[in-house]
Amino acid sequence: MQLSRLVSFLKALSDPNRIRMVALLKDGPLHGQALASKLHLKPPTVTHHAKKLKDAGIIVERRNKNTIYFHLNEKSLALLAHGILELGGDQMSNQIQVKDEEKLAIIKNFTTVDGKLKQIPAQQKKKIIILAYYIRGLEHGKKYQEKEINEYIQQFHEDFATIRREWVMHHFIYRQNNMYELNPKEMWPLVF
């Protein structure tokens, strides 16, 4: 999970009224007037807080005629909370340590002269080295469409879906709404 998204999530929940809104919405959707009444706030204040929660992916809006209902996005909320727990403990310092000579030997064994991947290594450590080697061609801060990621991967291996999935699973890259972005290198299991 991208670190900046986790920060936005925590900022959105940094206000007591927003936490109370989330608590109310866990029982079901409510419209703005109902939230304002239950929270003892003015409707424009509820709208302001709802926008912050919506931008962070915590709630969604659904319109029913002239009334907007706010729904808790439980799946997103669970994913964001889990993302924070994943960063806890030793993960930030749990990068695998590999000598440069070993990295080069593994790359040489699994790549062709023209830079194509012969096969995806079965051994976890070797697989991570290969994933880190090929992720270097993507730019930090740039968002990629799934099609762009697939085309990039196909330059060196035909099974783009597996490589893409492995990058996500090992926190090299983050996916949301079929858009991909590199995670900070601190989240990677290996920096090349």
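The values are calculated or read from the model by the stated rules, or taken from the named source; none is laboratory data. Computed from a predicted model, the values in this text were never measured in an experiment. Positions of Cβ are backbone-derived with ideal geometry, glycine not excepted, and every protein chain shown enters the neighbour counts. Each accessible area value is taken on the protein alone, full model and side chains, heavy atoms only, with ligands, DNA and RNA left out. Shrake-Rupley method; radii C 1.70, N 1.55, O 1.52, S 1.80 Å.
Below is a table of values for the structure above.
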read-out: Chain lengthening between GLU148 and GLU61 when straightened (0.36 nm per residue, less Cα-Cα); value: 28.3 nm
read-out: Selected from GLU101, GLU61, GLU148 as most flexible by GNM, with the chain as the system and alpha-carbon contacts under 10 Å; value: GLU101
read-out: For the chain, fraction of C-alpha pairs farther apart than 20 Å, in %; value: 62
read-out: For segment 33-134, size of Cβ-based charge dipole, Lys and Arg +1, Asp and Glu -1, in debye; value: 500
read-out: Gyration tensor (alpha-carbon) shape descriptor, segment 126-192, a/c threshold 1.5; value: oblate
read-out: Mean residue ellipticity (222 nm) of the chain, computed from DSSP H runs ≥ 4 via -39,500 (n - 2.57), nearest 500; value: -15000 deg cm²/dmol
read-out: Within segment 150-192: backbone nitrogen closer than 13 Å to the ARG136 label point (7 Å, Cα to C-beta); value: 191-192
read-out: Listed residues LEU39, LEU13, LEU80, most fluctuating in the chain (Gaussian network, C-alpha, under 10 Å); value: LEU39
read-out: Probe 1.4 Å, accessible area per residue of the chain, Å²; value: 60
read-out: Partner lysines for LYS127 [C-alpha distance under 16 Å; skip if fewer than 8 residues away on the same chain]; value: LYS99, LYS103, LYS108, LYS116, LYS118
read-out: GNM flexibility winner over the chain from PRO44, PRO29, PRO121 (Cα, springs under 10 Å); value: PRO44
read-out: Prolate/oblate/rounded call for segment 15-56, Cα gyration tensor, a/c under 1.5 rounded; value: rounded
